[in-house]
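All remarks here apply to the structure that follows.
The values are calculated or read from the model by the stated rules, or taken from the named source; none is laboratory data. Predicted, not measured: the structure shown is a model, and the values here were computed from it. Neighbour counts are summed over all protein chains in view; Cβ atoms, including those assigned to glycine, are modelled from backbone coordinates with ideal geometry. Areas reflect the complete protein model, heavy atoms only, side chains present, ligands, DNA and RNA absent. Shrake-Rupley method; radii C 1.70, N 1.55, O 1.52, S 1.80 Å.
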Amino acid sequence: MLTVYSNTHHLRNATELVGGQIVPSYERPERAEFILEQVKCVKLGNIIKPAKFDLKPTLAIHDSAYITFLQTCWDEWLAQGNKGDLFPFIWPSRTMPSKRIPKHLDGKIGYYCLSSDTSINAGTWAAAKLSADVALTATQQLTTGNNSAFALCRPPGHHATNDAYGGYCFLNNVAISAQWLLDNGASRVSILDVDFHHGNGTQSIFYDRDDVQFLSLHGQPEQCFPHFSGYADERGEGAGLGYNFNYPLAPSTDYKTWQQALDQALEEIVNYSPDVLLVSLGVDTYENDPISSFKLQSDDFKTYGSKISSLSLPTVFILEGGYAVEEIGLNTVNVLSSFEKSHSCKGF
Ligand code: SS9
Ligand code: ZN
């Protein structure tokens, strides 16, 4: 399987508010380095650099004022005389809804941000844009004779909505890729999100559409981030009703139970019969993940990699979360290499 990678992800290296202290974020450069090392170690396949895309595919998913905000907020923060990373501190709320977009940075950032775990600093916008380019380049491979590819990208994307960032995500890489496919010959795309956290951003972007089917296995929102979406009764709306599938699972779910949910999701994908499958590949379902609580073991990632390959669909894996950095390479590549071992399909 081909991997798309660029070391410019290093531009994203920020802090996080953990336990009342500002510390290096769990979403750190080492994550991608450990995965790259393992991709090379098992000889997964060629490693190519991302192509450069203009903003068109990004603006097909994201609000243009939101993109302008991401491009300019760091300079605005510096111009105010600040030195540290940029965090939000006030949000619209139930009694104070966001009818207007504030002009002051303090207000704007609350408007465009959904969680305070994600700070912004100098390289953030450039890295987020490059991460989307990595995902798009991997996706583009399906139109040039490859039947699978891996986007080794960071920062991740699945929590980012049309106009909000958070959960370490700025641009929704998988959503941008799905839209690119629809604009380049696909009629139906399925997105399977196996990250521990609910892909709230991806869900919200395609909630009223029937050309993208979204399925997510995740920790139940009563207990797990992002807390305000991911319930099983969120099935889509309007034309999208019946095309959104959530499988919320108890915090300490083991592989056996997780796989039962995966089997249900795979059945729905077969019923939908998409042209392409995109996998939001987060390996924070691992038993030793520092911020998640499922109990998957390293070999379980192999088992589900070959299950996904049994769909026989052109497939792009797009990296999302996974924070046990020492084992992130093994777990990620276990999915990819066992997928590859049994995968065959008609080209897209
Ligand atoms: C709050 C932690 C919030 C959650 C980040 C979600 C990871 C995305 N104690 N951070 S894959
Ligand atoms: Zn996650």
Open item on the list: Step by step: first the residues of segment 309-324, then only those that are open to solvent by less than 10 Å² (accessible area, probe 1.4 Å) and under 17 Å from the mean Cα position of the chain (by Cα), then the one that is nearest to ligand 2 (Cβ to nearest atom). Which residue is that?
Closed with: Gly321
Task: Answer from Glu327, Glu340, Glu287 - the residue that is in contact with a helix residue (DSSP H, G or I) (Cβ under 8 Å, 6 or more places away or on another chain), surrounded by fewer than 24 Cβ atoms within 10 Å (Cβ to Cβ) and more than 23 Å from Val189 (Cα to Cα) - done: Glu327
TODO: Return yes or no: is Leu114 surrounded by fewer than 24 Cβ atoms within 10 Å (Cβ to Cβ), closer than 28 Å to Glu16 by Cβ and either aliphatic (A, V, I, L, M) or within 16 Å of ligand 2 (Cβ to nearest atom) (or both)?
DONE: yes
- [ ] Would you check which residues across segment 212-261 are over 20 Å from the mean Cα position of the chain (by Cα) and open to solvent by less than 20 Å² (accessible area, probe 1.4 Å) and list them?
- [x] Gly240, Thr253
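Condition check ((1) among the small types (Gly, Ala, Ser); (2) assigned to a loop (DSSP other than H, G, I, E, B)) across all residues:
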position: Lys40; (1), (2): no, no
position: Asp54; (1), (2): no, yes
position: Thr58; (1), (2): no, no
position: Leu70; (1), (2): no, no
position: Ser98; (1), (2): yes, yes
Task: Subset of segment 290-308 (residues that are away from ligand 2 (no atom under 15 Å from the Cβ) and either open to solvent by 10 Å² or more (accessible area, probe 1.4 Å) or more than 20 Å from the chain's Cα centre (by Cα) (or both)) - done: Lys295, Gln297, Ser298, Asp299, Asp300, Lys302, Thr303, Ser306, Lys307
Open item on the list: Anything in segment 186-205 that is among the aliphatic types (A, V, I, L, M) and assigned to a loop (DSSP other than H, G, I, E, B)? List them, or say none.
Closed with: Ala186, Val194
- [ ] Please enumerate the residues belonging to segment 112-147 that are touching a residue at least 24 places away in the same chain (Cβ under 8 Å), in a helix (DSSP H, G or I) and among the hydroxyl-bearing types (Ser, Thr, Tyr).
- [x] Tyr112, Thr124, Ser131, Thr137, Thr139, Thr143
Open item on the list: If I ask for residues that are among the β-branched types (Val, Ile, Thr) and under 16 Å from Gly166 (Cα atoms), which ones from segment 79-112 would you list?
Closed with: Ile90, Ile109
- [ ] Would you check which residues across segment 279-326 are within 16 Å of ligand 1 (Cβ to nearest atom) and either in a strand (DSSP E or B) or at pLDDT below 95 (or both) and list them?
- [x] Val279, Ser280, Leu281, Tyr286, Leu296, Phe317, Ile318, Leu319
Open item on the list: Looking at segment 17-30, I want the residues that are in contact (Cβ under 8 Å) with a residue 40 or more places away in the chain and open to solvent by 70 Å² or more (accessible area, probe 1.4 Å) and have a partner that is assigned to a helix (DSSP H, G or I) and more than 12 Å from ligand 1 (Cβ to nearest atom) with Cβ atoms under 6 Å, at least 6 apart or on another chain. Which pairs are those?
Closed with: Glu30/Val325
